[in-house]
1. Along the Cα→Cβ direction, 7 angstrom out, place labels at residue 42 and residue 150. What is the inter-label distance in nm?
2. If I take every Cα pair under 8 Å that is 6 or more residues apart in the stretch 390-435, average their sequence separation and divide by the length, what percent do I get for the relative contact order?
3. Is there a pair in 47/69; 390/414; 462/679; 208/248; 740/782; 679/793 whose C-alpha atoms are over 25 Å apart, and which pairs would that be?
4. For the stretch 422-431, in order, what is each residue's ³J(HN,Hα) by Karplus, 6.51 cos²θ - 1.76 cosθ + 1.60 with θ = phi - 60°, in whole Hz (x at glycine and Pro)?
5. Per-residue HN-Hα couplings for the stretch 139-155, Karplus 6.51 cos²θ - 1.76 cosθ + 1.60 at θ = phi - 60°, whole Hz, x for Gly and Pro?
6. Ordered by residue, what ³J(HN,Hα) values in Hz, to whole numbers, does the stretch 198-203 give under the Karplus form 6.51 cos²θ - 1.76 cosθ + 1.60, where θ = phi - 60° and Gly and Pro are x?
7. Round to the nearest 0.05 the FRET efficiency obtained for residue 507 and residue 835 when R0 = 41 Å and r is the Cβ-Cβ distance.
8. Scan around residue 750 for amide H atoms under 5 Å from its own, H built in the peptide plane at 1.01 Å from N, and keep only partners 5 or more places away or cross-chain.
Amino acid sequence: MKTKSRQPLIIAGLYAISGVVWIYCSDRLLPLFAESPAALTTWSTVKGWLFIAATTLLLYLLIRRHTGKLLSVQEKLLGEQEQMKKAQAALSESEAQFRQMFTAHSAMLYLVDAETLSIVDANKSAQKFYGYTQAEFAALKLPELSMLPESRVRSIIEENTGIDACYYTITHYLSDGTPREVEIYSTPIRLKERRFFFNIVHDITERKHTEAALIASEENYRAIFEAVNDGIFIHDIETGRVIDINTKSCEMFGYSRKDFPRDTPELTSAPESRFSRGEAVSRMREAATGNPQLFEWKARHRNGSTFWLEINLKKVVISGMERLLAVVRDISARKAAEEALRESEARFRSLVESTTDWIWETDSLAVLTYSSPKVKSLLGFEPEEVVGLKPFDLATNEDRENITRLFNEAKACKNPFSQVESRFRKKDGSIVVLESSGVPIFDQNGNFAGFRGYERNITDRKHLEEQLLQAQKMEAVGQLAGGIAHDFNNILTAITGFVFILQMKLEDEELKNYVEQIRLSAERAAGLTDSLLAFSRKQIICLKSLNINEIILKTEKLLSRLIREDVEIRTDLCDEDLVILGDETKVEQIIINLATNARDAMPRGGILSIRTERCLVEQHQKTAQLAGKPAGYAHLSISDTGIGIDENVRERIFEPFFTTKEVGKGTGLGLSIVYGIVKQLNGYINIQSEARIGTSISIYLPLVQQEAEKAAFVQPPIPMEASGTLLVAEDDPDVRRFIKTVLEEFGYTIIEAEDGVDAVKKFKENSHIISMVIFDIIMPRKNGRDAFLEIRKLYPDVKAIFVSGYTGEFLTEEGILEEGLHFLPKPVVPWSLLEKVQEVLGTS
């Protein structure tokens, strides 16, 4: 027993011994000093108090000494307790910090019992990664995470355990069964006399995948490197020597890998400086600075032949080393195709530049990407001025919307379009009519890429079409006018004829005045039909060679009386004679009508210009209506400085009865008569006018190589009474009755025929007494000419007069005038009829 534990026993023993000694001694000695029992009692009492005092003092001293020691020990115990509390607090804080660090660490951490391989604790990262809660982890063993037997797991740990730690990789399965590759650093530790493994886990699944992909990529790279159809060279960036080549490079140059030249600049063709060694080295040095090079090169094959390459040279990093990568492609076939393409393009360009059409090409947004040079002559723009525009940007405002719509429809359907007519404005502001055609173009993938087409100038053709349309319209109106004139002339023939007879028989002067008014009205009506026939070109005119300058000089005197004083007449006549084949009266009528119109167009005065010149087609190619016609023309132009004519009016200006004048101030026949006369003289008429600027009318009449005939005045003979039998063939009964009455009044005997067939029949029946036949040209069943020809076959000397109120064209086509036969136009004036009859009979 230790000393400190025996101290109480020693103190108790000493106290007991001292007490026994005191009691024993006092009990033995007191009786010796006590004289009496009372004294003995007193001394016994004193002895008791002394014993008490001594024992008390002794106990006090013993207790005091022991209490001091106890207090000292207590102080030490208290100090030790305080230190223990501090140590416990530090330990608790350290454990809290460790727990916090363990729990919150981003790495996956857990403790594994080394004996049982049970998972004692796992932090939040491990719980999140594996998908288990803390409680679920506490129920798991390490082998359960890998789904391997415990013996296999212990074997893996033992195989990978080093001096201080264990490192190994293994496949763990998450709570949902997903496999993940993990890397485990396991450190053995001892806690509470127990051994644990402190595991730090890293998910290396992605890294493993990356490593696998890298391996696969390297394998793919090598496979591609060898399988690619281009030659590939890898060069040392410092020396330029070849480090690696693919199979295609060997095939391309005719070498094997073993004997392939490592100095590639030597693989060039002969001495051309463009393909020299120095140029190759310069290219490689430039690429080594980081400036990629793409160029064409002529290389030399092992057999000495040369071929074309396209080389793409750039600096790359391979396995951490800077290299030069050269991708080489054999372009010999492409170069041959390019040469063929250049030749084809040259032919195409020659064709495009030689055609009169404007060839163009657009992209998918309808923006011009190409323009042939012909746009210059067609619209006045340089090709580069129109590239970037849309074709219809050059169209007039009126046509732009229409052509844009048609173009967009074609674009939406990817269909071609053709013969789209529209007006374009030239650079100088003038207008041309173009005909557009185009086809869609597609790229290599079949996607719509734009349109390719052309513009054709059809301005002249449109003018010709408009003139043809106008001529057809005029022809239709002319036929109507001619038909009306025919029927009207028959009526007027009867009216004027019977008026003539009535005047001869009337004696009452007042009645004669009334009849005279009827005659004057009939003459006015005859003048109207004459104008209609002039427009429809159905008049018979007497053509002879005329100097148009002389006619203008004669007419100028008359014009001075027709034109107001505030209108100045200016003439500019050609110095040489301009001889045409025409009718003087009709040419005068042209000048007078045009001058009168010009006067009316200048209500506030102005200048009337009359000009003539000799015109050659070569000098006037812009006059499309003269193209391909005889070269020589007399050009007569009559211009004014009046109010002008707008476009809508110009389209109808030559129509009969069309006028812009107020009611009662014009018949609308002036210009239609001019049009008809010009056409009858085989000429052409053109009008140019701008509002508030003036009008110019140009007339082109064919020149003839003859001298102008001099006019001669012939006094008509006075009709005399005569005798004889005449056959009158007329289908209109009123006209037939008039002719019969007039001729019978002057002593002739008349046989009537209703038509051509009836005329032939009655002539045959009365041929022995008939002196002459009067034929209406247009009759049912058989016309007058055919009836005449049939009679003339039997009676060659037959005399005849032809009358008609319809067509002079028929007479010229059928050769009546050319044969010298006699003709009277309707309405037939009685006096003229008698003169013609006496003239024909007098020539027998």
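Values in this text are rule-based calculations from the coordinates and carry no lab data. Please read all numbers here as calculations on a predicted model, not as lab measurements. In this analysis, Cβ positions are derived from the backbone assuming ideal geometry, glycine residues included, and neighbour counts consider all displayed protein chains.
1. Output for this residue pair reads 9.5 nm.
2. Values: 41 pairs, mean separation 15.8, N = 46.
Normalised by residue count, the contact order of the stretch 390-435 is 34 percent.
3. Numbers: 47/69 32 Å; 390/414 17 Å; 462/679 20 Å; 208/248 34 Å; 740/782 21 Å; 679/793 36 Å.
Going by Cα-Cα distance, 47/69; 208/248; 679/793 fall outside the 25 Å limit.
4. 7, 9, 10, 9, 6, 4, 7, x, 6, 10
5. These are the phi-based 3J(HN,Hα) values: 8, 9, 10, 4, x, 5, 6, 9, 6, 10, x, 4, 5, 5, 5, 4, 4 Hz.
6. Residue by residue, the stretch 198-203 yields 8, 9, 10, 10, 10, 7 Hz.
7. Numbers: r = 26 Å, r/R0 = 0.63.
Once rounded, the FRET efficiency stands at 0.95.
8. 726
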